[in-house]
1. Identify, from the list B:ILE44, B:ILE76, the residue that is under 30 Å from A:PHE224 (Cα atoms) and either of a type in the set (Val, Ile, Thr) or modelled with pLDDT under 95 (or both).
2. Of the residues B:ALA105, B:ALA128, B:ALA117, B:ALA110, which single one is under 30 Å from A:SER241 (Cβ atoms) and of a type in the set (Gly, Ala, Ser)?
3. Condition test on A:HIS100, is it surrounded by 14 or more Cβ atoms within 10 Å (Cβ to Cβ), within 11 Å of another protein chain (Cβ to nearest Cβ) and touching a Ser or Thr at 6+ places or on another chain (Cβ under 6 Å)?
4. Spot the failing condition for B:THR78; the list is (1) loosely packed, with under 15 Cβ neighbours inside 10 Å; (2) closer than 25 Å to B:ARG174 by Cβ; (3) within 14 Å of chain A (Cβ to nearest Cβ); (4) β-branched (Val, Ile, Thr), and only one is missed.
5. Select from the range B:128-153 the residues that are at the interface with chain A (Cβ under 10 Å from one of its Cβ atoms) and within 18 Å of B:LEU36 (Cα to Cα) and write down the one among them that is nearest to the chain's Cα centre (by Cα).
6. Note down all Cβ pairs under 7 Å where the first residue falls in the range A:124-137 and is on the phi > 0 side of the Ramachandran plot, the second is of a type outside the set (Val, Ile, Thr) and surrounded by fewer than 24 Cβ atoms within 10 Å (Cβ to Cβ), and they're at least six residues apart or on different chains.
7. If you go through the range B:172-206, how many residues are more than 7 Å from chain A (Cβ to nearest Cβ), over 17 Å from the mean Cα position of the chain (by Cα) and not charged (D, E, K, R)?
8. What is the one condition in (1) surrounded by 21 or more Cβ atoms within 10 Å (Cβ to Cβ); (2) in a strand (DSSP E or B); (3) more than 20 Å from the chain's Cα centre (by Cα) that A:SER185 does not satisfy?
Amino acid sequence: MIDDPTASARRLGWQLAEVRDIVVETPRVKTFLMRVAGWPGHLPGQHVDIRLTADDGYQAQRSYSIASPPEDELIALTVVRLDDGEVSAYLHGELRRGDHFELRGPIGGYFVWSLSVGTPLQLIGGGSGVAPLMAMLRHRERRDEHGAAMLLYSSRSVEEIIYREEFEAMARRDRDVRIINTVTSRQPDGWRGYGRRIDKAMLAESCFPPKASPRSFICGPTPFVENAATLLVELGHDPLSIKTERFGPTGST
Amino acid sequence: MAESPVTRGFRSNRQGQAPSNRLPPGQYVTRDFPVLSAGPTPHIRLDDWSLTLQYEGTVLDSWNWTQFEALPQVSITTDIHCVTKWSKLDTIWEGVTFDELLRAAGLREAPAPYVMAHCEGGYTTNLAVDDLLDGKGAVVTRYAGSPIEPVHGGPARFFVPHLYFWKSAKWLRRLSFMETNKAGFWESAGYHIRGDPWKEERYDGD
């Protein structure tokens, strides 16, 4: 059912990764740039597992999407600090350049995009769900022939837009990529993006028409992804062309 | 690496965790009910729903919603473990065991040693019959006393809680017996062919 070159029998072993740099993206989001010796390479959209070990042997594991393109030497992990998150709190509050933790990957052969998957590339992201989509956009920009792309990105406030400057620069450099922001709670004066949650009218205005057969990737909190995916299907997009990745609680059972 | 190095500055939270006989390695307890699906959620009308038991080209039996609801139902209280690391303890489900489906189809035993579960939208997952017999597998229609919401796999999902939860396929429509163990959807995309959380069989090669 899936014909994917990443589906191989190689064993995913744990490797020690070194923190080479830490970028403050927003008040609640940091990107950790990791050096992994012998990294086998990855596809945009894949993730890694990380494992932290305390001195009594206690361990915690989490999965994080890779935000960097396969062309980069360092692996970028963009992490939101959660109020009750033991791992994200450690990464944000304690981790320094030169520290190490265990990592294995890349993982996931489904929510991935490269040119061979097809274009145009249609990306819809909510909050930190933009991280794997950013890997796709960064990878796309490194290719000479890359087709059209769009990203509709929903954030709570302008301050919470991750990679904002890089997105603006990317859109200035390349007229074939459209970056469309919507900000759901507070819009500053002069804000020119959308100012509401993603709805059908916004998707109809922003997205490629179904007849362009875009490859759609939606990533964000569960209700966000449910909403956007349902609306895309209602707008006439083929459900099999829509790939989703959800995180967080559903809000109900 | 054989032994994990201590991560500088990372403090133990062993006290905050469930006892190790409840929590498989690498898992943490969540009180939410996270959702993971590969694509849009299908919304299936009960009138359009059926479950089919099949062996190669032959339909062994098929139940519409009313017929399925008339089969002997069981309540199952158990922990579930997702390969993405969360575990949820003491969840309560209701449905029909795999043993009961075989009985209802007039089968004294399974006609082949493996099963492919086929779902609305094309998702598949493979299981050994041994992982389904003796009450280990079921098709469930209720969670915590209410019909399972579409986002969690309603109207009916497979339920094999001793394996990672991707094996408990949402929106189940067809169980197809097979002589050899073929890989399903995630199993073809780098995930483990069986997925036992206690052996931490997350990915191919684990």
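The values are calculated or read from the model by the stated rules, or taken from the named source; none is laboratory data. Note that the coordinates shown come from a computational prediction; the quantities given were computed from them, not determined experimentally. With ideal geometry, Cβ positions are generated from the backbone for all residues, glycine too; neighbour counts draw on all protein chains shown.
1. Every option except B:ILE44 fails the conditions.
2. Within the list B:ALA105, B:ALA128, B:ALA117, B:ALA110, the selection yields B:ALA117.
3. When the stated conditions are applied, A:HIS100 does not pass them.
4. All conditions are met except number (3).
5. My answer is B:HIS152.
6. A:GLY127/A:SER155; A:GLY127/A:PRO221
7. 2
8. Looking at each condition in turn, A:SER185 falls short on (1).
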